[in-house]
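S.K.: Starting off with a structure, shown below.
The values are calculated or read from the model by the stated rules, or taken from the named source; none is laboratory data. Keep in mind the model is a prediction, meaning the values are calculated, not measured.
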Amino acid sequence: MSETEQKINRILEVLLKIEEKIDRFLESTKEAGEREFRGKEEVKSALSYTDPLTIKTEYWRQ
């Protein structure tokens with residue numbers, strides 16, 4: 001293998017590692033976004049349950 005081929009292979013290896021790191025970053029960002037979305041949905045759900053009108057309705061249903 002020539003020196004040029006070795007350099008090209010090394011560059012390709014580095015690019016592959018960069019691609020793997022980007023993929024991991026994007027996956028972790030996606031997971032964080034999903035957790036944030038679920039958290040917001042849980043807060044909305046809790047707030048709707050603690051709405052005074054809802055509380056009165058739930059109280060009178062009992």
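S.K.: Of the numbered conditions (1) modelled with pLDDT under 80; (2) under 27 Å from the mean Cα position of the chain (by Cα), residue 51 satisfies every one except a single condition; which is it?
M.R.: Among (1) modelled with pLDDT under 80; (2) under 27 Å from the mean Cα position of the chain (by Cα), residue 51 violates only (2).
S.K.: Go through (1) more than 18 Å from the chain's Cα centre (by Cα); (2) modelled with pLDDT of 75 or more; (3) part of a helix (DSSP H, G or I); (4) not basic (Lys, Arg) one by one and return the number of the condition residue 29 breaks.
M.R.: Only one criterion in (1) more than 18 Å from the chain's Cα centre (by Cα); (2) modelled with pLDDT of 75 or more; (3) part of a helix (DSSP H, G or I); (4) not basic (Lys, Arg) is unmet by residue 29, namely (1).
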